[in-house]
Amino acid sequence: MSEPPLGVVVPETRLHPIYLVIGTAKTLRQAIPFLVVTIFGGAPWWVYVALFALVMAIAVAQWYVKKYSVVGGALQLRSGLVNHSVRVVPVTRITALAASQSLTQRLVGVWGLDVQSPGDRHGSAVTFECLSGRRLDELRAAVESGDRATVPADPTPGSGPSTLRRYRAWRHTSVAAAPADGQQVIAVLTTAEMLIATVTNSSIALLLVAALVVWFRFSEYVPVRASEFMEEIVVPQGVVVVVITLVVVAVAAGLVLGALRLYRFTLVRDGDVLRNSRGLLGKQTATIPVRRVQAVRIVEGFGRMLLGYCSLQVEVAGIGRANVNQRMLFPLVRMDRAESLIRRALPELPWPSQPLLVLPTRVHRRYLTLPLEYATGFTLLLLFLPGWWELVAILPVPLGFVLGVARAREARWRVDDQSVVLRWRRLLNRNTVVAHRGGAQLTELSSSPWKAKAGVAGFKMRFSSGRGAGIRYMVDSDALLLLHTVGRAGA
């Protein structure tokens with residue numbers, strides 16, 4: 001094979017031929033109206049053959065014209081039969097790579113790849129549906145290294161490895177392989193930690209609500225065997241046993257989903273990038289350039305905080321609210337070990353040398369305003385409930401008071417020459433954001449005549465990922481200090 005032209009890191013390459021199956025299925029979905037008319041119209045057999053041949057021809061043509069390349073420091077994807085399109089993403093603007101492998105893809109040995117850039121917070125700039133393991137490694141190396149990467153030449157006929165070895169190399173990818181030399185394994189999620197992460201996740205509560213709604217409102221749609229078990233064994237024991245059974249079902253389903261999603265979560269530092277991999281049946285991996293990380297978010301859910309655990313997330317341009325899995329740094333770690341893990345994974349992220357500053361007592365009462373307003377409204381609504389249910393109306397005001405006190409006591413902040421740290425509580429979760437002082441894209445100070453009279457103000461900062469951090473009430477001079485220092489490079 002001749003040397004590629006100057007600036008060509010990956011020459012024009014087609015997706016794996018298994019894409020023909022995906023393309024055929026996509027074309028069949030688009031042709032459903034024609035198929036319905038044909039079937040119910042009593043068309044002869046040759047019409048079905050012609051339609052299938054047409055679908056296959058369209059799928060082959062789409063696969064043939066769809067090519068990707070890395071040329072001149074840019075990733076290019078060409079596609080389209082009639083309306084040709086070329087998507088170009090400069091390598092320097094790529095913020096993250098997310099490779100995934102469903103069970104079906106794992107069986108046939110191909111991967112999917114999503115390329116993230118700052119302009120696509122809610123999706124992917126470029127998506128590759130079918131890449132072999134070797135092609136995935138080549139493309140990933142080219143995107144991460146730019147024009148410095150080289151694509152190995154194909155061996156001459158008869159001089160390469162055996163057919164079996166070529167097949168193994170085609171299926172293999174270093175994305176899911178054991179860490180190589182020069183790669184540092186930061187942390188691996190143990191089985192016990194995976195179970196704790198699943199049990200303390202909000203998905204079990206959502207599954208329980210769904211199970212309760214399905215059983216008490218749509219029980220006729222429950223599978224026959226499950227319905228017979230509930231009616232013959234569980235229901236005669238009373239409502240409490242029914243609820244306990246549904247709780248067990250929700251927990252079991254949550255554990256299964258958690259195991260499929262978080263099994264063997266591994267965080268690796270490889271030079272200037274962070275890599276993570278996870279999954280039991282399907283595999284998912286993510287690659288994040290360290291220079292793109294603007295902040296780390298420490299999230300302590302209510303259940304996890306009681307057990308002394310938290311989860312770690314990163315703020316990266318191009319990975320927004322919808323990309324939950326891609327922005328995850330580590331799903332579960334003990335709170336007393338979180339700083340050590342972050343320092344090993346991201347030594348470039350500065351940490352404040354001084355403890356966080358608490359809010360003065362005179363600001364605390366401002367945090368009671370909003371929770372008590374909502375609590376009063378809920379109380380008035382609950383008074384209209386029939387019977388003894390109206391007794392529930394005594395709960396909102398005490399709960400609102402407790403929430404306001406907790407928010408005031410847990411709010412913290414600190415800024416120095418290189419970093420800024422904000423801590424605040426939402427409803428149940430406590431968030432701590434550690435960011436580069438110049439990493440915020442937008443800062444905002446909020447005030448009003450009432451706040452100004454009390455000498456308080458609010459501060460918010462927002463990252464290019466679309467997410468933000470802030471403290472609702474603090475001393476106005478402190479908020480003004482943050483406004484004029486955060487978002488500007490340190491001295």
Next item on the list: Grab the Cα-Cα distance for residue 480 and residue 272, subtract it from 0.36 nm times how many residues apart they are, and report the gain in nm with one decimal.
Entry: 71.4 nm
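Counting every Cα pair in the stretch 59-142, what percent are over 16 Å apart?
Values: 1943 of 3486 pairs.
Result for the distance tail: 56 percent.
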Check: For the stretch 260-268, what does the Karplus curve 6.51 cos²θ - 1.76 cosθ + 1.60, with θ = phi - 60°, yield as ³J(HN,Hα) per residue in whole Hz, taken in order and with x for Gly and Pro?
Finding: 5, 8, 10, 4, 6, 5, 10, 10, 10
Notebook entry, point to check: For the stretch 177-250, with equal point scatterers placed on the C-alpha atoms only and solvent neglected, what are the log10 I(q)/I(0) values from the Debye formula at q = 0.18, 0.20, 0.23 1/Å, to two decimals?
Noted result: -0.79, -0.90, -1.05
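Order these peptides, 87-99, 277-289, 223-235, by their mean beta-carbon neighbour count within 10 angstrom, highest first.
Highest to lowest by the protection proxy: 277-289, 87-99, 223-235.
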Note to self: In whole Hz and in residue order, list the ³J(HN,Hα) couplings for the stretch 343-351 that follow from phi through the Karplus curve 6.51 cos²θ - 1.76 cosθ + 1.60, θ = phi - 60°; x for Gly and Pro.
What the structure shows: 5, 6, 7, 10, x, 6, 7, x, 10
Next item on the list: Enumerate the amide H contacts of residue 263 below 5 Å, restricted to partners 5 or more residues apart or on another chain; note that Pro and chain-start residues carry no placed amide H.
Entry: 279, 280
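Extension gain residue 134-residue 84, at 0.36 nm per residue separation less the Cα-Cα distance, in nm? Before the final figure, lay out the partial values.
Details: separation 50, 0.36 × 50 = 18.00 nm, distance 2.76 nm.
Here the segment from residue 134 to residue 84 would lengthen by 15.2 nm.
What whole-number value in Å² describes the accessible area per residue of the stretch 252-349 for a 1.4 Å probe? Don't skip to the end; give the middle numbers.
Values: 3720 Å² over 98 residues.
Per residue, the stretch 252-349 has 38 Å² of solvent-accessible surface.
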Next item on the list: Give the Debye-formula value of log10 I(q)/I(0) at each listed q (0.10, 0.11, 0.15, 0.18 Å⁻¹), with one equal scatterer per alpha carbon of the stretch 334-440, two decimals each.
Entry: -0.45, -0.52, -0.75, -0.91
Next item on the list: Counting only C-alpha contacts under 8 Å and six or more residues apart, can you give the relative contact order of the stretch 217-332 as a whole percent?
Entry: 14 percent
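Please give the length that would be gained between residue 339 and residue 230 if that part of the chain were fully extended, namely 0.36 nm times their separation in residues minus their C-alpha to C-alpha distance (nm, one decimal). If you can, show how the numbers build up before the last one.
Values: separation 109, 0.36 × 109 = 39.24 nm, distance 4.78 nm.
Length difference between fully extended and current span is 34.5 nm.
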Margin query: Less than 18 Å from a label point 7 Å out along the Cα-to-Cβ axis of residue 103: which backbone N atoms in the stretch 270-297 qualify, by residue?
Written below: 278-284
Note to self: Whole angstrom only: what separates the Cα centroid of the stretch 411-448 from the Cα centroid of the stretch 450-470?
What the structure shows: 9 Å
Next item on the list: Averaging over all projection directions, find the projected area of the Cα convex hull of the stretch 380-491 and quote it in nm² with one decimal place.
Entry: 9.0 nm²
Check: Which value in nm describes the separation of the simple spin-label points at residue 441 and residue 356, placed 7 Å from the Cα toward the beta carbon?
Finding: 2.5 nm
Notebook entry, point to check: Between residue 95 and residues 5 or more places away or on another chain, which pairs have amide H atoms under 5 Å apart, with H built 1.01 Å from N, and which residues are they?
Noted result: 116, 117
Item checked: Built amide H within the under 5 Å cut-off of residue 332, gap 5+ -> 312
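Given a 1.4 Å probe, how much area per residue of the stretch 407-491 is accessible, in Å²? Before the final figure, lay out the partial values.
Details: 3980 Å² over 85 residues.
That works out to 47 Å² for each residue.
If packing is taken as the average number of other Cβ atoms within 10 Å across a peptide's residues, how do 442-454, 294-306 rank, most packed first?
Details: 442-454: 12.7, 294-306: 18.8.
Peptide ranking by packing, descending: 294-306, 442-454.
The values are calculated or read from the model by the stated rules, or taken from the named source; none is laboratory data. Keep in mind that what you see is a predicted model, and the values were worked out from it rather than measured. Using ideal geometry, Cβ is built from the backbone for each residue, glycine included, and neighbour counts are taken over all protein chains shown. Heads up: the accessible areas ignore ligands, DNA and RNA and are worked out on the full protein's heavy atoms, side chains in. Shrake-Rupley method; radii C 1.70, N 1.55, O 1.52, S 1.80 Å.
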